[in-house]
Amino acid sequence: MNVDEKLGPTRRLALGALTVLMAVAGFAAGRVTFNPNGAVVQPIQFNHRKHVKDAGLDCSTCHQYYADHQHSGLPDLALCTGCHQQPMTKSPEEAKLIKLATTAAPPAFRKLFRLPDHAYYSHRRHVTLAGLPCTTCHGAIAETTAPPPGPLVQVVMKTCLDCHARRNVPTNCIACHR
Amino acid sequence: MARWGMVIDLDKCNGCQACEVACRSENNIAVGGPQAASEHRTISWMQVRAEVEGEWPDIRSRFVPQPCMHCDRPPCTLVCPVQATSIDREGIVNQIYARCIGCRYCANACPYTVKFFNWHKPDHPASTEPGLNPDVSVRPVGVIEKCTFCSHRLQKAREMARVETRPLREQDFTTACADSCPTGAIVFGNLDDPTHRVAELSRDPRAFRLQEGLGTEPKVYYLSRRD
């Protein structure tokens, strides 16, 4: 028996549309469940405010390289356990940290702010030489009590160019592109 | 302001192609493989071309390493409909890959045929991936690419000079091909600075440029005792 004979064109179309709809719905549901809005998920619920404002730590304790390198760098868990070898609090996150840090391959923190590979940006140039505060480009990250799911400030080419124009810094394409 | 240029001494070039290899690895140039080769679509920002005159055994041959000429009057920039390629204030003819729409007008306008189109998704064998240069982007399929005079090195050199609060020196910025040349045939620097070797060499009586009659004013000079 031929399938074409059984289903009229309208019903076939409806069936096709339904299949597509369900596929889209399934995909969307999966995305929302496992990763809402493409959010960056960190291994530990790290609290910037506690460390920076309350414990008074300098940014360079954990982001070690911005003063004289292109990248700032994110801490690995071994750096955290420099202080957190023994639990200091009753926080379950801290317990998790101590447990994860002793595993064979501890998970790493993931980058939020990321430029495409064709743009050159250097922290040394902007932090050490131009003396810009971190908040200019990273917003109030020091006030966060949990890892933000995405960059707090969108840094796009216009952000770079506007400031460069204002401060009379080069804006020729190959100052930044590579 | 600098005017970057290059001098290539053909009397010193022995055709070893170290410059080609150095350029490839410095600039993450895709390994096209047999497919690209059979289609004549291999990308090579620096190419050592062999010129042979006469008939065997009465031949005269020489090697001519050919990067982008970084013309002062570049024909390629004039035809770009989106200004993805333009001449920088310091004379480097740039190619902004993110801006390029892949129309290939510039490749056709270039009389030196040194602009290359990415016909295929750039292919880097897995074993070479950790060796890709993080200072140079990997070009996507569908854009033109070309020699940049290693302008990514200038970005870092400028920053270093600022950190050490001194002006940029001749040794601070050079290209990968010049670095690698075992006979020192390739010299790079500021053509407008009389203390730079290129400034002196470009005024050498042996100096000439390719297809000078076109009026493109290349900033790559060649030296040769022969005509």
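The values are calculated or read from the model by the stated rules, or taken from the named source; none is laboratory data. All of these numbers come straight from a predicted model, not from anything done at the bench. Methodologically, a virtual Cβ is constructed for each residue, glycine included, from the backbone with ideal geometry; neighbour enumeration extends over all protein chains shown. Note: areas computed on protein heavy atoms with side chains; ligands, DNA, RNA excluded. Shrake-Rupley method; radii C 1.70, N 1.55, O 1.52, S 1.80 Å.
Per residue of peptide B:157-164, the mean number of Cβ atoms on other chains within 10 Å of the residue Cβ is 3.
Between the amide H of B:N133 and those of B:N28, distances stay under 5 Å, these residues lying 5 or more places away or on another chain, with hydrogens modeled in the peptide plane. Of the accessible area of the range B:4-223, with the probe set at 1.4 angstrom, what percent is carbon plus sulfur? Result for the range B:4-223: 52 percent of the exposed heavy-atom area is carbon or sulfur. Each part reduced to its alpha carbon centroid, the range B:97-145 and the range A:140-165 end up 30 Å apart. Helical content alone sets the calculated 222 nm signal of the protein assembly as shown at -7500 deg cm²/dmol, taking -39,500 (n - 2.57) per DSSP H segment of four or more residues and averaging over every residue. On association of chains B and A, roughly 1700 Å² of accessible area becomes buried (total for both chains; probe 1.4 Å). Sites listed here are trypsin sites (Lys or Arg not before Pro) in the range B:64-104 whose DSSP assignment is loop and whose Cβ has at most 13 other Cβ atoms within 10 Å: B:R89. Gain on full extension, evaluated as 0.36 nm per residue between B:V52 and B:E217 minus their Cα-Cα distance, stands at 56.9 nm. Roughly how far apart, in whole Å, are the Cα centres of the range A:88-127 and the range B:6-45? The two parts, judged by their Cα centres, are 40 Å apart. Rounded is the label for chain B, because the ratio a/c of its alpha-carbon gyration tensor axes (a ≥ b ≥ c) stays below 1.5. Per residue of peptide A:116-128, the mean number of Cβ atoms on other chains within 10 Å of the residue Cβ is 4. Each residue of the range B:169-176 was assigned a 3J(HN,Hα) from its phi angle through the Karplus expression (A = 6.51, B = -1.76, C = 1.60, θ = phi - 60°), giving 9, 4, 6, 6, 10, 9, 8, 5 Hz with x at Gly and Pro.
Sorting the segments A:84-93, B:150-159 by their mean number of nearby beta carbons within 10 angstrom, highest to lowest, gives B:150-159, A:84-93. Could you please state, rounded to a whole Å, how far the C-alpha centre of the range A:45-85 is from the C-alpha centre of the range B:162-227? Each part reduced to its Cα centre gives a spacing of 46 Å. Shown is the FRET efficiency for B:L210 and B:C16, computed with R0 = 25 Å from the Cβ-Cβ distance and rounded to the nearest 0.05: 0.75.
Could you give the nm distance between label points at B:E159 and A:Q45, where each point is 7 Å from its Cα heading toward the beta carbon? With each label placed 7 Å out from Cα toward Cβ, I get 3.6 nm. Give the lysines reachable from A:K50 as a straight Cα distance under 16 Å; neighbours fewer than 8 places away on the same chain don't count. Within the straight-line limit of under 16 Å, A:K50 reaches these lysines: A:K90. Taking every protein chain into account, the accessible area of chain B amounts to 49 square angstrom per residue (probe 1.4 Å). Phi angles across the range B:146-163 convert, under the Karplus curve 6.51 cos²θ - 1.76 cosθ + 1.60 with θ = phi - 60°, into 3J(HN,Hα) values of 6, 4, 10, 6, 6, 5, 5, 6, 5, 4, 6, 5, 4, 5, 4, 4, 5, 4 Hz, Gly and Pro given as x.
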